[in-house]
Amino acid sequence: MAAVAPSVTRCSSCGAAITWAETELGKRIPLDWPPQKRVVLEPRCPGGPEKARVVDSFVAHFATCKDAAKHRRPR
């Protein structure tokens, strides 16, 4: 089955490319686009060499947006 490409939009404050996801609590969260590539090491067997696998890793846009404070809700 082919992966579905996410919808990419722009941050209304800084104009950066973002995509949206839903957290485990059902809240929407903006993520920086494109995802970063990360290397994950997985053990193959006890004492054996590790297997390297490249995965997509997303950064919450709140961590990189210069205007993130404008979008924070009071607690």
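The values are calculated or read from the model by the stated rules, or taken from the named source; none is laboratory data. Just so it is clear, the model here is predicted, and its values are computed rather than measured. Quick reminder, even Gly has a Cβ in these numbers, built from the backbone with ideal geometry, and neighbours come from all protein chains shown.
Going by the conditions given, is Val59 in contact with an Asp or Glu (Cβ under 6 Å, 6 or more places away or on another chain), modelled with pLDDT of 90 or more and not hydroxyl-bearing (Ser, Thr, Tyr)? For Val59, the condition - in contact with an Asp or Glu (Cβ under 6 Å, 6 or more places away or on another chain), modelled with pLDDT of 90 or more and not hydroxyl-bearing (Ser, Thr, Tyr) - is met.
Is one or more of the residues making up region 36-48 at pLDDT 90 or above, exposed (fewer than 10 other Cβ atoms within 10 Å of the Cβ), of a type in the set (Gly, Ala, Ser) and farther than 17 Å from Pro6 by Cα? No, region 36-48 contains no residue that is at pLDDT 90 or above, exposed (fewer than 10 other Cβ atoms within 10 Å of the Cβ), of a type in the set (Gly, Ala, Ser) and farther than 17 Å from Pro6 by Cα.
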